[in-house]
Amino acid sequence: LVETSRPLLEKLTLFWHGHFATGYRAVEDSWHMMLQNDMFRANAGGNFKNDLVHGIIRDPAMIKYLNNNQNTQKAPNENLARELMELFTLGVGNGYTENDIKEGARALTGLNYRDDEFTFNQRTHDSSGKRIFGRSGQFDGADFVELIFQRPSVAWFTPWKLHRYFVDDSMQTDGDIKKAVNRMSRTFKQHNWEVRP
């Protein structure tokens, strides 16, 4: 971060590490943490939906951190589904219900890792019908992400966090801050979730 010739890239990498919060204490694998950091760096200014969010549900460090390796058809674990909506995309209480979390957890079953690679375990995946955000289908983890990006609050939450990180770290959302974030939000959505614009 100090010696790089690309400080914005490193600052964005640090932002994504905080946004998609993970930590070594729970993961207990420094290689997985480094791989995650490399993924953030490679996609720091890329596409939020396709590169970062779809990437994070397939990331071994995140899978371990939020116990998705224990999320099975017989015993759904809600951690990744909850954090995916609360902290990563929509914000706390913005456009989803507890039932959406439960159904999202079922969609995320089977997403796991072996050694250092993402794996999908069909035997532990719940392939039965689910109802998320009022829509029904045999959704999997990728479908769940796509459904999240149809929610209105997804366009506002991450630009607001970026604004807080780079411009004004207050929690306020009134006046000039709201106008600035609204402009960022429109640009974010118009450019199909590309971070660079």
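The values are calculated or read from the model by the stated rules, or taken from the named source; none is laboratory data. As the structure is a computational prediction, the values presented were derived from the model and not from experiment. Virtual Cβ from ideal backbone geometry, glycine too; neighbours counted across all protein chains shown. When the accessible area is computed, the model is the full protein with side chains, heavy atoms only, and any ligands, DNA or RNA have been set aside. Shrake-Rupley method; radii C 1.70, N 1.55, O 1.52, S 1.80 Å.
Quick rundown of the values:
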| item | result |
| --- | --- |
| Degrees between helix 98-107 axis and first principal axis of the chain (Cα, 0 to 90, nearest 10) | 70 degrees |
| 0 to 90° range, to nearest 10: angle between helix 175-190 axis and the chain longest Cα axis | 60 degrees |
| Cβ charges +1 (Lys, Arg) and -1 (Asp, Glu), total dipole of the chain, debye | 560 debye |
| For residue 113, residues with placed amide H under 5 Å, excluding near neighbours | 119 |
| FRET E, pair residue 168, residue 6, Förster distance 25 Å, beta-carbon r, rounded to 0.05 | 0.55 |
| Residues of the chain: accessible area per residue with a 1.4 Å probe, Å² | 52 Å² |
| Per-pair calculated FRET efficiency, R0 = 25 Å: residue 99 and residue 146 via Cβ, rounded to 0.05 | 0.85 |
| Over the chain: helical MRE at 222 nm, DSSP H runs n ≥ 4 each giving -39500 (n - 2.57), nearest 500 | -13000 deg cm²/dmol |
| Mean Cα-pair separation over length for the range 21-167, i.e. relative contact order, pairs under 8 Å, 6 or more apart, % | 21 percent |
| Percent carbon-and-sulfur accessible area, the range 17-94, ignoring ligands, DNA and RNA, probe 1.4 Å | 47 percent |
| Highest to lowest packing among 154-160, 177-183, 45-51, scored as the average C-beta count within 10 Å | 154-160, 45-51, 177-183 |
